[in-house]
Amino acid sequence: MTWQMNVDPFGNIGLSALVAAIPIFFLFWALAIKRMKGQFAAMGGTGLAILIAVFVYKMPADLAALATLYGGAFGLFPVCWIVITALFIYNMSVKTGQFEVIKNSLASISDDRRLQALLIAFSFGAFIEGAAGFGTPVAITAAMLAGLGFNPLYAASICLLANTAPVAWGAIGIPIVVGGQVAGIPDFALSQMVGRTLPIVSVFIPLYLVVVMSGWKKGLEVWPACLVSGGSFAIAQFFSANSPVTAPLLPDIIASLASIVCTVAFLKVWHPKESWHFADEPRSLGKEALKFTGGQIFRAWAPFIILSLFVCAWGIKPVNQALNQMTKMIFDYAIPISGLDKMVIDQVGKPKPAVYNFNFLSAAGTAILFAWFFSIMVMGASLKTAAGVAGDTLKTLKWPIVTIATILGFAYIMNFSGMAITLGYAFATTGAAFPFFASLLGWLGVFMTGSDTSTNALFGKLQAVTAEKLAIDPVITMSANTCGGVCGKMISPQSIAVATGATGLVGRESEIFRFTFKHSIFLVVIIGILHMLWTYVFPGIVPAYVKPVAAAAAAVAAATVNSDGLMWLGIFVGIVALVTVFSRVVGANLVGAVRGADQVHFH
């Protein structure tokens, strides 16, 4: 029997929204004030959400339970799958001693912690975000910074803060594509609008994060490097987001590569007079001498190059289609959730689908798994060592996995019960100030779901309809939703769980939340003010576009595998194979001679 969602159970949208927000208030209280461990905060918030859904929104208990389990399953796959496989590669690099080569290569560019954060957390993290998204950049970069010797709390927090700039185009532009589809506006127009907003923030993020790390005085000492890092990123982001050739898929990839190249080149000719380290570290003695050959350095970095190649390949649409078709030949990966699928009727009378996509081959985590397989050969590790690293990684991540699955259950019960829509309707009552509050709505959505894609899917239609009622261009409010969402990423319990798992801070989620919360609020307020300006002061910045005509029903999936996808997949696998062989040849003398490294290698 179906259940009709009631998004205003008290007949007063303000009161209904206040009650709907109780689980969110609980999460803020549990993490910021009570300093509760992440998994327990997530469990408490989810439990409260279920109780309100059942007793206030009158959602049948079986539907509430199924919605929560559905979200938890999505948290396990594909979200946790990405984080687990990403850390397989990093931990293998540490185990085999090759991360010591990476550390030396970075320290030879600069041993200054501020500049290392620019290169790893900001520039390299943006590249991984653009290629894979969904927690991968935080998992990889936070682990790398901790491995370099960063204070783990700062490593996790800085990577969450740095991940602000690229999130809107993460995973080959998926948030923009989904936002455009849901709101009924061209994804290119949304990319243009976001691309005229986020570069204003991106240019300042590098300086912002080094000031957070080291204070104003020490932060300003490296402002030239910050300007090069953020400026090159912002310029490339602006032009690629506004070009029909590269938008909406490639802005992150292009901007991050520009930032990496420009920053490394600049640091070859400029360096601060005195390197800065954390207070609990020994005084810096300056740049380290490069101890390894170019070939050995290439071999050490090769696993991360291979990871980037695989996730880029998986992001190409024909490749993704081919992999889905191959999965379907094995089993029907689209699994309707019996008892929940189309049993909830939403606020506009439309049945909500509940289909779990176990698209194993096309999942980004599987791309990273294949990268790990090749990385085992690159690093010269034994299969026994690889299996040991995998087992140790899973043990380390057991509580982050619980937290992520639980917080996704929280997001899904908020969605299926109507509580999330209640909050959206409350924000929509703000009238002329809606462009500002649209940013806060996006921020809230990412806090709940951990994903800019998810918040665009959740609130996109509401943003567009509300904008049209207020005679505001919906591309502005969708941009506000997307840009505001990126500011919520750093405080999402899901993102924080990834960061703690990568840096060994499991159980200290509240410390990271308290660290990042004020920065999250500051940045989303800036985003809100910018969208108020675009609406009422500088409307000329809004791109001109034509609303797309509703598309015909999608064709039935082809019985044969997409040949173009197979061709591209073959090309990328060939490139990966060449990188693997080349790294072994040019880095043939690299062995795990570093203290604590695994000694089993192919030579």
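Structure notes:
- Share of carbon and sulfur in the accessible heavy-atom surface of region 74-164 [1.4 Å probe, %]: 64 percent
- The calculated FRET efficiency for Val585 paired with Asp392, based on their beta-carbon distance and R0 = 22 Å, is about 0.15.
- Simple rule: put +1 on each Lys or Arg Cβ and -1 on each Asp or Glu Cβ in the chain, find the dipole, and look at Cys262, Gly380, Phe127; the Cα lying farthest toward the positive end is Gly380.
- Distant-in-sequence amide H partners of Asp111 (H built 1.01 Å from N, under 5 Å): Lys287, Glu288
- Sulfur and carbon atoms: percent of accessible area, region 279-427 [1.4 Å]: 66 percent
- Rounded accessible area per residue of region 60-206, 1.4 Å, Å²: 19 Å²
- For the chain, size of Cβ-based charge dipole, Lys and Arg +1, Asp and Glu -1, in debye: 700 debye
- Computed packing ranks the peptides 346-356, 113-123, 5-15, 140-150 as 113-123, 140-150, 5-15, 346-356, most packed first, by mean other Cβ atoms within 10 Å.
- Counting only alpha carbon atoms, the long axis of helix 474-488 and the longest principal axis of the chain meet at about 50°.
- Computed E for Asn12/Lys217 - FRET, C-beta separation, R0 35 angstrom, nearest 0.05: 0.10
- Dividing the alpha-carbon radius of gyration of the chain by the rule-of-thumb value 2.2 N^0.38 Å gives 0.94.
- The angle between the Cα long axis of helix 383-396 and the longest principal axis of the Cα atoms of the chain comes to about 40 degrees, rounded to the nearest 10.
- From its DSSP helices (H runs of at least four residues, each -39,500 (n - 2.57)), the chain gives a residue-normalised ellipticity at 222 nm of -21500 deg cm²/dmol.
- Relative contact order %, the chain, counting alpha carbon pairs below 8 Å whose residues are six or more apart: 26 percent
- Viscosity 0.890 mPa s, temperature 25 °C, Stokes-Einstein D of region 61-133 from Kirkwood C-alpha radius, µm²/s: 163 µm²/s
- Accessible area of region 315-457 divided out per residue, in Å², using a probe of 1.4 angstrom: 36 Å²
- Distance histogram for region 93-200 (every C-alpha pair counted, 10 angstrom bins, percent rounded to whole numbers): 15, 39, 28, 13, 5, 0
- With 0.36 nm allotted per residue and the present C-alpha distance subtracted, the Asn357-Leu566 stretch has 73.1 nm of extension available.
- Nearby lysines by direct alpha-carbon distance to Lys469 (threshold 16 angstrom, same-chain neighbours under 8 apart not counted): Lys461
- Taking the convex hull of Cα positions in region 366-406, its mean projected area over all directions (nm²): 3.3 nm²
- Fully extending the segment from Ile335 to Leu533 would add 66.8 nm, taking 0.36 nm per residue of separation and subtracting the current Cα-Cα distance.
- Short-range pairs are left out: with C-alpha atoms under 8 Å and at least six residues apart, the relative contact order of region 128-273 is 24 percent.
- Rolling a 1.4 angstrom probe over the protein heavy atoms with all chains in place gives region 1-45 an accessible area of 51 Å² per residue.
- Peptides 255-261, 402-408, 23-29, 525-531 ranked from most to least packed give 402-408, 255-261, 525-531, 23-29, packing being the mean of other C-beta atoms within 10 angstrom over each peptide's residues.
- Karplus-derived HN-Hα couplings along region 70-86 (A = 6.51, B = -1.76, C = 1.60, θ = phi - 60°), whole Hz, x at Gly and Pro: 4, x, x, 5, 5, x, 6, 9, x, 5, 5, 4, 5, 5, 4, 5, 4
- Using the Cβ-Cβ distance between Thr429 and Leu290 with R0 set to 51 Å, the FRET efficiency from 1/(1 + (r/R0)^6) comes to roughly 0.25.
- Contact order normalised by residue count of region 90-201, Cα under 8 Å, 6+ apart, percent: 23 percent
- Straight-distance crosslink candidates among lysines, where the alpha carbon sits under 26 Å from Lys291 and sequence neighbours closer than 8 are dropped: Lys95, Lys103, Lys268, Lys273
- Protection proxy ranking for 487-496, 200-209, using the average of other Cβ atoms within 10 Å per residue and placing the highest first: 487-496, 200-209.
- Unit charges at the beta carbon, dipole of region 193-310: most positive-side option, Ala234, Ser275, Pro251: Ser275
- For region 138-157, the residues whose amide N sits under 18 Å from a probe point set 7 Å from the Cα of Glu281 along the beta carbon direction are 141-157.
- Candidate lysines - alpha carbon under 24 Å from Lys518, same-chain residues fewer than 8 apart omitted: Lys34, Lys37, Lys217, Lys218, Lys489
The values are calculated or read from the model by the stated rules, or taken from the named source; none is laboratory data. Every value quoted in this text rests on a predicted model; they were computed, and no experiment measured them. All Cβ positions, even for glycine, are placed from backbone atoms using ideal geometry, and neighbour counts span all protein chains on display. Surface areas here come from the heavy atoms of the whole protein model, side chains and all, with no ligands, DNA or RNA. Shrake-Rupley method; radii C 1.70, N 1.55, O 1.52, S 1.80 Å.
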